[in-house]
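Q: I'd like to ask some things about the structure below.
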Amino acid sequence: MNSLIKEMQALAQELLASGEVKGVFGWTKGSRWYLTPPLFIQKAEDAIKLHYDEFAINNLTSLLLDYRNSDDKIAIFVKGCDSRGILRLIQDKQVNPEKVLVIGLPCPGMVDKEAVKDQRHVHDLPLLRKCQECRYPNPVLADRTLGDVQVTKEPGVPIGITAERAIQKGVGSKGKERYQEVKEIEALSADEKYAFWQKQHEKCLRCYACRNICPACNCRECIFESDKKGWVNKAATTTDNAFFGITRAMHVAGRCVDCGECERVCPAGIPIMKINRKIMQDIDELFGTYDAGTDLEEAGPLNHFKLDDPEEFL
Amino acid sequence: MSTVEDKKQTAQDWEPNIVGFACNWCTYAGADLAGLSRMQYPPNVKLIRVPCSGRTNPQFVLRAFQKGADAVLVAGCHPGDCHYSTGNYFTRRRYLLMQRLLEYMGIDPRRFQARWISGSEAPKFRDVVTQMSEEVKALGPNKKLREEL
Amino acid sequence: MKAFPKAKLQEVLKTLASKGTLYVPALVDETHRYYPYRADIQVSLEQNSAISPKEIFFPSTEKIYNFTAYGIDGDYEEILPDRTACVLFGVRSCDMQAILCMDDVFLTRGYIDEYYATRREGATIVALGCSKAGADCFCSSMGLNPVEHEGADAQLYDLGDYYGIQGRTEKGEKVVEALAVAGLLSESSAEVLVPEEFVLQVDSEGIAEKLQAMFEHSLWDQLWRKCINCGTCTYLCPTCHCFDISEKKKNQHCGVKIKCWDSCMFNEYAMMAGGHNPRPSKKEKVRQRFMHKLRYFPERYGKYQCTGCGRCIAKCPVNLEITDVINQVREAKVNG
Amino acid sequence: MVKDNATPENLAKATTEEIKRINPLIPMKAKVTKIIEETPDVKTFYISKEENGQMVVPFHTAPGQLAMLSLPGVGEAMFSATDAPDHLQLSIKKVGTLTDELHEIVPGQTVGIRGPYGNGFPMDQIKGKNVLFIAGGIGLAPVRTAVRYCVDHRDDFAKLHLVYGSRSPADLVFQYDLFETWPAVRDFQVSVTVDRGDDNWKGNVGFVPAFLEELKPNPDNTVCIICGPPIMIKFTLGILDKLGFTAENVITTLEMRMKCGIGKCGRCNIGSCYICLDGPVFTLAEMKKMPNEY
């Protein structure tokens, strides 16, 4: 891992010093041992602040939206899941691929900092569930790669210098079980389902962290930002929250890149991915297997159609 | 949709409120024809004319439920007949997903339906509305996703 | 000191709940916040609540009046909350201090917010001294004593197996008396437990003064870079009091005016009709938030608007820590 | 709603006991009694409250103070209000959802109104001095409150001079005041300019700053009250500086988005000042001490 960090720092240093890029998005060592938050640097001498480990969980790609109108070229470090976010932004024409330099990293598998028991002393933490279910541990798109990782559009096993550790920890071991939680909810009765989601929506604070961290939620002006038409407002009542939740889900339908950031950042602990995964599952069943943000050329399932799509409406 | 509001309903005389989003080119014309032909159908459906079934965005459906609809119908031209060539193909994909998502959220799929009804299919319009009305009547009033405050 | 055994907590709560609404920190549906006490609720006093108690006095959404509009005629009808007595049990020093911040905003400077005032006046606050510092806590750095707060009506102290209790105000004495009458109190001479050293510490002294010369400082050019402008920090903050007034129409004639939480992180927050936004980008928004907490509020009300509860640090999606901001301000070089 | 001497200093001293307990967020029910079409996109609304069968002013406002006007079901916004014996005058330009709707209403319409808010112009401190008023476009509405005060208390002030500009002759607001009432007042010079004239326009053509430079008002013993679009203010302040006006003697009003109007909801702050309570009137000297964020 240390050699990988050295590689990252050296590359960022070189890119900034040569003027090839004007800024670099990466991670840095946080204030506690279990924190590796995002970092943006513009000076070559700041490259030593870069850090990477199993706490570098943030998907940085949505931060690129701050540069969507900029002519400056920006470099960004990505893990496998993050790289799909870049693809999302490029497909949505939010980011000009010429203006972004994607640096692919091998992923050791991220751990669950919620399981920290002693914030003073380092101890082992379990692998995040989303990493156990990971199907794209390697970047699907990158201009440069570090740590012997390889770019691959296909689902697969971890490649690169952290691969051994990742596989040992169980990255991707539960890829096939990723719809299990969805199935559990589907098995409930209508009223039980409704009660379950009401409870979740009741908790929603409408802070919009899920929206703002999401690389698929990239509208310049969100409909939830305007109450002028009287459709939406900030009232955090359960049904208004449900209105937000379902709308959000439909807006990212077929575009969600499965990075799980929305669920991670939710301060109320709403299992948002259980909604996103439901839609992914249905898309797979109805329109053929599709993983958003893996192939630049492939149109999203709601952006095209087939004449012989399932016909249930008659 | 405001007329849907605030009705004190009792079990006996309760009539469902169905909001129908009807494509201007097919279903709306079909409904018009049903009227012209003096066909009998339950007056429970309130039609909202949209340029194309593809114009009905998911929030329209949610808003209708919020405002007290007991069921929502999205209806447009048959696949292949869209005035704008392909609008209803997108509708089909979108609402196949939406229907499943709403079911996942605990909404009975009979409360949200999509149908293809052409301008000449007045009897079909009558049948769909009648059938839906009866189904919803059997289900009872929808209390889910209703707006608070 | 008068005290009751921790084992009798449920009886204590039942006694208090019989006098009126009792809010306790509890875990419901995996959410730790203040709920009205019920016998079957999972009360949790081990750590501070994830959602601050501000929502009891300042709910995230509340109706303020009904309006009607028939043609050119219209009318307004006030909706005030009930003026009922309630007890807040287990409020930590940080949240107690936050309530004092809210009091400053809502109850002084020429106008009283009737909605806040009505709820606040009926409340008795029973504070709970901390014996353990949370992972993201830094109240001691903000000048607070985690063990007690003089603003509370009554104070609980952690005595190990017992909770010591002291009334501070008339309202607080009533709580103590009610427990005494119920035969739950005894004398204890046990030592009050105090938290060991805080993991998070920061020197906040003089920050408000230093910030006066730092509005244009280059520090702000960097701080916002990782911020995603969500409202998590402001909505979890026990002192953030910004609200929006908007309306919900019931039908075309009538509706209800609502007051609901708002956040300086949102784009439409300061956007004027016509489209001018004095704080257009993330930089200005981030600066506004920290400036408000650490400079504007102290200038206006004489205290920091941060009480060190650490909720924003715990839940910030990008780990933008106010302690780090304070440190950076401390270290920043100011010209002239 | 608050004590009459609602200056920021007094408000700062006010304790909870001193404040009269009424619910400040509930609008007073009032009626629009008259609507004057000033220009194609500015209308003046006369607003009165019914009391014992008579139409009376909802509340009195000092020059420069604000009132929150609401249209049920549409929204609420803050406007500069002009005080008259039996009504308030609010001159409103069409700029957004609420103002668009307001321009559609007819006399008799129920509206909600609350206030008065803000500090107002320091008329007492200006006493005995010359007053130079500068306004652009709808900016004349707040300035007019001060002009009317000076005209009503003519003997308290020395020379009066108004410099007003708008985009075109058709966009000149309060033409009845500009061309009839005020020129008839003793020692009151009214100078009007338009950005672009038309066939009938005989007056000056040009922007306010350039016009001002030409007029060369004397800064001695003179206080300047200025209000208008930001771009006009920016260039005019440069000219005023050149003419020798000191920052203490230049008074202007600031605008921010407001919701509550009573210093609680947060958004209208510039630094630690809340525009709804401590503003909207500031001297240029005060503004220079505030963060440049408006």
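Q: Against the condition facing another protein chain (nearest Cβ under 10 Å), under 26 Å from D:G115 (Cα atoms) and surrounded by 24 or more Cβ atoms within 10 Å (Cβ to Cβ), how does D:G261 come out, does it pass? So that I can check it myself, show each step before the final result.
A: On the way: facing another protein chain (nearest Cβ under 10 Å): yes; under 26 Å from D:G115 (Cα atoms): yes; surrounded by 24 or more Cβ atoms within 10 Å (Cβ to Cβ): yes.
Considered against the rule, which asks whether it is facing another protein chain (nearest Cβ under 10 Å), under 26 Å from D:G115 (Cα atoms) and surrounded by 24 or more Cβ atoms within 10 Å (Cβ to Cβ), D:G261 comes out as yes.
Q: A further question on this structure: Return the residues of segment C:280-313 that are out of contact with any Pro (no Cβ under 8 Å at 6 or more places or on another chain), part of a loop (DSSP other than H, G, I, E, B) and either hydrophobic (A, V, I, L, M, F, W, C) or crowded, with 22+ Cβ neighbours inside 10 Å (or both); say none if nothing qualifies.
A: Within segment C:280-313, C:C306, C:G308, C:G310 qualify.
Q: Then there is this: Conditions: (1) within 18 Å of A:M280 (Cβ to Cβ); (2) surrounded by fewer than 19 Cβ atoms within 10 Å (Cβ to Cβ); (3) at pLDDT 95 or above. A:D143 meets all but one. Number of the miss?
A: (1)
Q: Anything in segment D:215-235 that is under 24 Å from D:K288 (Cβ atoms), surrounded by fewer than 16 Cβ atoms within 10 Å (Cβ to Cβ) and over 22 Å from the mean Cα position of the chain (by Cα)? List them, or say none.
A: D:N218, D:D220, D:N221
Q: Inspect all residues belonging to segment B:89-111 and state whether any of them is among the small types (G, A, S), in contact with a Phe, Trp or Tyr (Cβ under 7 Å, 6 or more places away or on another chain), in a loop (DSSP other than H, G, I, E, B) and within 13 Å of chain A (Cβ to nearest Cβ). So that I can check it myself, show each step before the final result.
A: Looking only at segment B:89-111, we keep the residues that are among the small types (G, A, S), and these are B:106.
From the residues that got through so far, the ones that are in contact with a Phe, Trp or Tyr (Cβ under 7 Å, 6 or more places away or on another chain) too are B:106.
Now drop any that are not in a loop (DSSP other than H, G, I, E, B), which leaves B:106.
Those still in the list that are within 13 Å of chain A (Cβ to nearest Cβ) too: B:106.
Yes.
Q: Among the residues of segment A:93-101, is there at least one that is over 18 Å from A:N218 (Cα atoms) and either more than 14 Å from every other protein chain (Cβ to nearest Cβ) or crowded, with 18+ Cβ neighbours inside 10 Å (or both)? Explain how you work it out, then say what you get.
A: Restricting attention to segment A:93-101, the residues satisfying the condition of being over 18 Å from A:N218 (Cα atoms) are A:98, A:101.
Cutting the leftovers down to either more than 14 Å from every other protein chain (Cβ to nearest Cβ) or crowded, with 18+ Cβ neighbours inside 10 Å (or both) gives us A:98, A:101.
Looking through segment A:93-101, at least one residue is over 18 Å from A:N218 (Cα atoms) and either more than 14 Å from every other protein chain (Cβ to nearest Cβ) or crowded, with 18+ Cβ neighbours inside 10 Å (or both).
Q: While we're here: Tell me which residues, restricted to segment A:248-288, are within 29 Å of A:K306 (Cα to Cα), in contact (Cβ under 8 Å) with a residue 60 or more places away in the chain and over 16 Å from the mean Cα position of the chain (by Cα).
A: Once the filter is applied, which keeps residues that are within 29 Å of A:K306 (Cα to Cα), in contact (Cβ under 8 Å) with a residue 60 or more places away in the chain and over 16 Å from the mean Cα position of the chain (by Cα), segment A:248-288 yields A:K278, A:Q281.
Q: Does D:C260 satisfy being of a type outside the set (V, I, T) and either modelled with pLDDT under 90 or in contact with a Phe, Trp or Tyr (Cβ under 6 Å, 6 or more places away or on another chain) (or both)?
A: Here the answer is no, as D:C260 does not meet what is asked.
Q: If I filter segment B:115-149 down to residues being of a type in the set (D, E) and part of a loop (DSSP other than H, G, I, E, B), which single residue comes out as farthest from the other protein chains (Cβ to nearest Cβ)? Show your work before the answer.
A: As a first pass, look at segment B:115-149 and keep what is of a type in the set (D, E): B:121, B:127, B:134-135, B:147-148.
Narrowing further to those that are part of a loop (DSSP other than H, G, I, E, B): B:121, B:147-148.
On the way: B:E121: 12, B:E147: 6, B:E148: 4 Å.
For segment B:115-149, the residue satisfying everything is B:E121.
Q: Continuing with this model, one more query. Of all residues in segment A:15-29, count the ones that are over 20 Å from the mean Cα position of the chain (by Cα) and either touching a residue at least 24 places away in the same chain (Cβ under 8 Å) or within 14 Å of chain C (Cβ to nearest Cβ) (or both). So that I can check it myself, show each step before the final result.
A: Step one: list which residues in segment A:15-29 are over 20 Å from the mean Cα position of the chain (by Cα), which gives A:15-23, A:29.
Still in the running and either touching a residue at least 24 places away in the same chain (Cβ under 8 Å) or within 14 Å of chain C (Cβ to nearest Cβ) (or both): A:15-17, A:20-23, A:29.
Within segment A:15-29, residues that are over 20 Å from the mean Cα position of the chain (by Cα) and either touching a residue at least 24 places away in the same chain (Cβ under 8 Å) or within 14 Å of chain C (Cβ to nearest Cβ) (or both) number 8.
Q: Would you kindly identify the strands (runs of 3 or more DSSP E) lying entirely within segment C:1-88 that contain at least 3 residues that are aliphatic (A, V, I, L, M)? Steps first, answer last, please.
A: Details: elements: C:2-5, C:21-28, C:31-36, C:61-70, C:73-78.
It comes to C:21-28.
Q: Check A:P301, A:P215 and return the single one that is closer than 24 Å to A:I57 by Cα and either in a helix (DSSP H, G or I) or not assigned by TED's automatic domain parsing to the domain that holds A:D66 (or both). Talk me through it step by step, then tell me what you get.
A: Numbers: A:P301 fails: closer than 24 Å to A:I57 by Cα.
One residue alone meets the criteria, A:P215.
Q: Continuing with this model, one more query. When segment B:8-64 is examined, which residues are found to be crowded, with 19+ Cβ neighbours inside 10 Å, within 14 Å of chain A (Cβ to nearest Cβ) and assigned to a helix (DSSP H, G or I)?
A: Answer for segment B:8-64, where residues must be crowded, with 19+ Cβ neighbours inside 10 Å, within 14 Å of chain A (Cβ to nearest Cβ) and assigned to a helix (DSSP H, G or I): B:T27, B:S53, B:G54, B:P58, B:V61, B:L62, B:R63, B:A64.
Q: Hey, can you tell me all the residues within segment A:211-241 that are farther than 22 Å from C:M265 by Cα and either in contact (Cβ under 8 Å) with a residue 40 or more places away in the chain or under 26 Å from the mean Cα position of the chain (by Cα) (or both)?
A: Listed by number, the list holds a single entry, A:T238.
Q: Continuing with this model, one more query. Condition first: within 14 Å of chain D (Cβ to nearest Cβ), charged (D, E, K, R) and either within 20 Å of the chain's Cα centre (by Cα) or over 30 Å from C:I245 (Cβ atoms) (or both). Can you find one or more residues in segment C:89-103 that meet it? So that I can check it myself, show each step before the final result.
A: At the first step, the residues of segment C:89-103 found to be within 14 Å of chain D (Cβ to nearest Cβ) are C:100-103.
Adding the requirement that they be charged (D, E, K, R) leaves C:103.
With either within 20 Å of the chain's Cα centre (by Cα) or over 30 Å from C:I245 (Cβ atoms) (or both) added as a condition, the list becomes C:103.
Yes, because at least one residue in segment C:89-103 is within 14 Å of chain D (Cβ to nearest Cβ), charged (D, E, K, R) and either within 20 Å of the chain's Cα centre (by Cα) or over 30 Å from C:I245 (Cβ atoms) (or both).
Q: In segment A:40-75, how many are within 11 Å of chain C (Cβ to nearest Cβ) and part of a helix (DSSP H, G or I)?
A: 6
Q: Could you tell me whether any residue of segment C:55-68 is away from every other protein chain (no Cβ under 14 Å) and in contact with a Cys (Cβ under 8 Å, 6 or more places away or on another chain)? Full working, then the answer.
A: Filtering segment C:55-68 down to residues away from every other protein chain (no Cβ under 14 Å) leaves C:56.
This time we only want the ones that are in contact with a Cys (Cβ under 8 Å, 6 or more places away or on another chain), so: C:56.
Scanning segment C:55-68 turns up at least one residue that is away from every other protein chain (no Cβ under 14 Å) and in contact with a Cys (Cβ under 8 Å, 6 or more places away or on another chain).
Q: Of the residues C:A135, C:A152, C:A127, only one is in contact with a Gly (Cβ under 9 Å, 6 or more places away or on another chain), closer than 27 Å to C:V202 by Cβ and either part of a strand (DSSP E or B) or free of Cβ contacts under 8 Å to residues at least 24 places away in the same chain (or both); which?
A: Working: C:A135 fails: either part of a strand (DSSP E or B) or free of Cβ contacts under 8 Å to residues at least 24 places away in the same chain (or both); C:A152 fails: either part of a strand (DSSP E or B) or free of Cβ contacts under 8 Å to residues at least 24 places away in the same chain (or both).
That would be C:A127, the only listed residue that is in contact with a Gly (Cβ under 9 Å, 6 or more places away or on another chain), closer than 27 Å to C:V202 by Cβ and either part of a strand (DSSP E or B) or free of Cβ contacts under 8 Å to residues at least 24 places away in the same chain (or both).
Q: Could I ask something else about it? Would you confirm, using the coordinates I've provided, whether D:L212 is surrounded by 15 or more Cβ atoms within 10 Å (Cβ to Cβ), outside the structural domain of D:V42 (by TED's automatic domain parsing), of a type outside the set (K, R) and within 30 Å of D:Y117 (Cβ to Cβ)? Show your work before the answer.
A: On the way: surrounded by 15 or more Cβ atoms within 10 Å (Cβ to Cβ): yes; outside the structural domain of D:V42 (by TED's automatic domain parsing): yes; of a type outside the set (K, R): yes; within 30 Å of D:Y117 (Cβ to Cβ): no.
So D:L212 fails the test.
Q: Oh, and also: Could you tell me which residue of segment C:138-149 is farthest from C:V199 (Cα to Cα), considering only residues that are touching a residue at least 60 places away in the same chain (Cβ under 8 Å) and touching a Phe, Trp or Tyr at 6+ places or on another chain (Cβ under 9 Å)?
A: Our first condition is that a residue be touching a residue at least 60 places away in the same chain (Cβ under 8 Å); within segment C:138-149, this holds for C:138-144.
From what's left, touching a Phe, Trp or Tyr at 6+ places or on another chain (Cβ under 9 Å): C:138-143.
Numbers: C:F138: 8, C:C139: 11, C:S140: 11, C:S141: 11, C:M142: 14, C:G143: 16 Å.
Here the answer is C:G143.
Q: Among the residues of segment D:104-148, which ones are crowded, with 19+ Cβ neighbours inside 10 Å, polar (S, T, N, Q) and over 15 Å from the mean Cα position of the chain (by Cα)?
A: D:Q109, D:T110, D:N130
Q: In addition: Quickly run through segment D:169-206 and pick out the residues that are farther than 21 Å from D:I226 by Cβ and either part of a loop (DSSP other than H, G, I, E, B) or among the small types (G, A, S) (or both).
A: The answer is D:A170, D:A184, D:R186, D:R196, D:G197, D:D198, D:D199, D:N200, D:W201, D:K202.
Q: From A:R88, A:R84, A:R135, which residue is more than 20 Å from A:V21 (Cα to Cα), in contact with a helix residue (DSSP H, G or I) (Cβ under 8 Å, 6 or more places away or on another chain), of a type in the set (K, R) and crowded, with 20+ Cβ neighbours inside 10 Å? Steps first, answer last, please.
A: Working: A:R84 fails: in contact with a helix residue (DSSP H, G or I) (Cβ under 8 Å, 6 or more places away or on another chain); A:R135 fails: crowded, with 20+ Cβ neighbours inside 10 Å.
Every option except A:R88 fails the conditions.
Q: Given the criterion in contact with a Phe, Trp or Tyr (Cβ under 7 Å, 6 or more places away or on another chain) and either facing another protein chain (nearest Cβ under 7 Å) or not aromatic (F, W, Y) (or both), identify the matching residue among C:K257, C:K250. Reasoning before the result, please.
A: Details: C:K250 fails: in contact with a Phe, Trp or Tyr (Cβ under 7 Å, 6 or more places away or on another chain).
Testing whether each residue is in contact with a Phe, Trp or Tyr (Cβ under 7 Å, 6 or more places away or on another chain) and either facing another protein chain (nearest Cβ under 7 Å) or not aromatic (F, W, Y) (or both) leaves just C:K257.
Q: Give me a count of the residues in segment B:92-149 that are of a type in the set (G, A, S) and closer than 23 Å to B:Q66 by Cα.
A: Of all residues in segment B:92-149, those of a type in the set (G, A, S) come to B:106, B:114, B:118-120, B:122, B:133, B:138, B:140.
In the following step, the residues that additionally are closer than 23 Å to B:Q66 by Cα were identified as B:106, B:114, B:133, B:138, B:140.
Residues flagged as of a type in the set (G, A, S) and closer than 23 Å to B:Q66 by Cα within segment B:92-149 amount to 5.
Q: Hey, another quick one. Looking at segment A:289-314, I want the residues that are more than 9 Å from chain B (Cβ to nearest Cβ) and over 18 Å from B:C77 (Cα atoms) and have a partner that is at pLDDT 90 or above and exposed (fewer than 12 other Cβ atoms within 10 Å of the Cβ) with Cβ atoms under 9 Å, at least 6 apart or on another chain. Which pairs are those?
A: A:T294/A:E154
Q: So, one more: Scan segment D:36-54 residue by residue and report those that are part of a strand (DSSP E or B) and either surrounded by fewer than 16 Cβ atoms within 10 Å (Cβ to Cβ) or among the polar types (S, T, N, Q) (or both). Please lay out each step first, then the result.
A: Let us first name the residues in segment D:36-54 that are part of a strand (DSSP E or B), namely D:36-39, D:42-51, D:54.
Matches in segment D:36-54: D:I36, D:E37, D:T39, D:T44, D:S48, D:E50, D:E51, D:Q54.
The values are calculated or read from the model by the stated rules, or taken from the named source; none is laboratory data. From a predicted model like this one, the values you see are computed outputs, not experimental measurements. Please note: Cβ atoms are built from the backbone with ideal geometry, for glycine as well, and neighbour counts cover all protein chains shown.
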